[in-house]
């Protein structure tokens, strides 16, 4: 069984264009994201678009020795499906590049659990019943579930966001496993969607070395600095 992490990235983000190539300490947000995914010891693929604006993403990935797939900008579901087909994946782990401080070790643990459950109709995720901070998100599912969604999803929302068709169990066959933390830390936000998010991540990396902290250490940092982290 071949497993792969597919992460989506593009330069034309609506709220913060070019966010994945913004830099802290001379390194792009995409580089932080991918280098932390490497901790998982699992294959990684970046699914970007055919837009010329995303050539820079492909070049960054080449520099980091991460393979890319280029597909539709708005039909992200087709982009994931085609990337999985091209790389002959049996199991897909979905993450997004707006999580520059994602934890590859945490993903590896999630994959061990997924494998032990041995269910091709399973969606395993740590954001179904959120207890982890926003920004540590992952979802795991079989190629069969991805193919079913690709072939049958018709709503724009389902095609733009990949998971909704599976998550809503529109096929009627999906089983679910929600990975939760010991306490609820969903009030914390370590994701990249706005300029304010970038300013926070910049502070966390420059002042607290957040880029070398694993997920649990990041959560501890959030608890110790609520004046910076807390979301009202």
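Start at zero, step by 5 Å, and the Cα-Cα distances of the stretch 153-224 spread as 3, 12, 17, 15, 13, 14, 14, 9, 3, 0 percent across the bins.
The mean of 1/r over all distinct Cα pairs in the stretch 29-121, once inverted, gives the Kirkwood hydrodynamic radius of 14.1 Å. Helical content alone sets the calculated 222 nm signal of the chain at -11000 deg cm²/dmol, taking -39,500 (n - 2.57) per DSSP H segment of four or more residues and averaging over every residue. Per the Debye calculation on the stretch 100-173 with a single equal scatterer at every Cα and no solvent contribution, log₁₀ I(q)/I(0) for q = 0.12, 0.15, 0.25, 0.27 Å⁻¹ amounts to -0.36, -0.55, -1.21, -1.27. In this calculation the C-beta distance from residue 15 to residue 214 is compared with R0 = 30 Å, giving a FRET efficiency of 0.60.
Highest mean first, the peptides 130-137, 60-67 sorted by other C-beta atoms within 10 Å per residue fall in the order 130-137, 60-67.
Here the Kirkwood formula puts the hydrodynamic radius of the stretch 96-232 at 16.2 Å, using every distinct Cα pair. Fully extending the segment from residue 196 to residue 78, taken as 0.36 nm per residue of separation minus the present Cα-Cα distance, adds 39.4 nm.
From the C-alpha coordinates alone, can you work out the Kirkwood hydrodynamic radius of the stretch 130-177, in Å?
Working: mean 1/r = 0.0857 Å⁻¹.
After inverting the mean inverse Cα-Cα distance, the result is 11.7 Å.
P(r) for the chain, from all Cα pairs and a bin width of 5 Å, is 1, 7, 15, 19, 20, 18, 12, 6, 2, 0 %, short bins first.
Coordinate-derived values only; no laboratory data. Please read all numbers here as calculations on a predicted model, not as lab measurements. Because the Cβ atoms are built from the backbone with ideal geometry, glycine has one as well, and the counts that use them run over all protein chains shown.
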